[in-house]
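The values are calculated or read from the model by the stated rules, or taken from the named source; none is laboratory data. Computed from a prediction, not measured in an experiment: that's the story for all the values here. Because the Cβ atoms are built from the backbone with ideal geometry, glycine has one as well, and the counts that use them run over all protein chains shown. All accessible areas refer to the heavy atoms of the entire protein, side chains included, with ligands and DNA or RNA removed. Shrake-Rupley method; radii C 1.70, N 1.55, O 1.52, S 1.80 Å.
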Amino acid sequence: MIGLSSSKLQRRAFMKRIGAGLSAAAAFKASSAFAAPKKVRIVQFDALGVRTGVMEVDKVEKPPAEWKKQLTPEQFEVTRQAGTEVPFTGKYANNHADGLYTCICCNTVLFDSKTKFESGTGWPSFWQPIAKENVAVQGDNSHGMQRDEVLCTRCDGHLGHVFDDGPPPTHLRYCMNSASLNFVPRGKHS
């Protein structure tokens with residue numbers, strides 16, 4: 001009888017430890033759901049494209065369902081799933097107006113029309129971003145190619161790719177998707 005009682009006590013103690021572990025895991029998961037948002041540093045610009053300073057802002061992170069509510073199907077495909085629009089179909093490929101290009105997902109200012117050029121590729125192309133802090137570049141080995149993917153620093157939205165066949169002074173070509181951008185005429189607020 002003593003062996004049976006000892007066995008029951010050991011089993012109960014074991015079950016209590018498991019229960020405590022599960023409770024701790026649930027508490028950790030709940031606390032991480034309310035963790036402070038990640039911060040990133042981006043450069044802010046006024047409506048004229050004048051640099052107003054570097055700011056630390058919350059990184060924009062949303063579940064896919066929220067992005068789908070905010071974006072059109074094409075914008076979601078391009079920005080959240082690293083898609084590419086068909087060349088010569090994007091609304092900004094032939095845009096020659098003066099202004100700023102912002103991220104369609106989070107409104108971060110990304111490019112100035114003063115650095116846009118005709119690349120002949122069918123996508124809006126720029127020889128530099130408005131601020132290096134506002135875009136991130138990472139390796140992309142998809143589709144059997146080695147390329148450099150360009151992302152919005154604030155929300156990780158896929159913008160396009162950068163190549164080293166652009167004009168002076170940088171010799172870079174930031175080949176962007178219109179679906180990932182919003183154009184704001186200079187002097188207007190987005």
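A few comments on the model shown:
- Sequentially through the range 59-74, phi angles give Karplus couplings (6.51, -1.76, 1.60; θ = phi - 60°) of 5, 8, 10, 9, x, x, 4, 5, 4, 5, 5, 7, 10, 6, x, 5 Hz, Gly and Pro residues having no value and appearing as x.
- On the range 75-136, 51 percent of the accessible area sits on carbon and sulfur atoms, based on a 1.4 Å probe.
- Approximating the spin labels as points 7 Å out from Cα along Cα→Cβ, the V86-to-A36 distance works out to 4.8 nm.
- Sorting the segments 124-132, 47-55, 159-167 by their mean number of nearby beta carbons within 10 angstrom, highest to lowest, gives 124-132, 159-167, 47-55.
- Cα-based convex hull volume of the range 96-190 per residue, rounded to whole Å³: 98 Å³
- Span from the the range 35-108 Cα centroid across to the the range 151-190 one, whole angstrom: 9 Å
- When the listed pairs K38/K114; K62/K116; K39/K132; K39/K69; K38/K132; K38/K91 are checked against a 27 Å cut-off, the alpha-carbon distance exceeds it for K38/K114; K62/K116; K38/K91.
- Taking Cα centre as origin and charging only the Cβ of basic (Lys, Arg, +1) and acidic (Asp, Glu, -1) residues, the dipole magnitude of the range 40-182 rounds to 180 debye.
- The range 46-106: chymotrypsin sites (Phe, Trp or Tyr not before Pro) in DSSP loop, at most 14 other beta carbons within 10 Å: F88
- Oblate is the label for the range 114-158, because the ratio a/c of its alpha-carbon gyration tensor axes (a ≥ b ≥ c) is 1.5 or higher and a/b is not greater than b/c.
- Cα→Cβ-extended label distance, 7 Å offset, between D164 and D148, nm: 0.8 nm
- The label-point distance for E118 and K62, in a model that sets each label 7 Å from Cα toward Cβ, rounds to 3.7 nm.
- Summing charges over all other residues whose Cβ lies under 10 Å from the Cβ of G83, with Lys and Arg as +1 and Asp and Glu as -1, gives -2.
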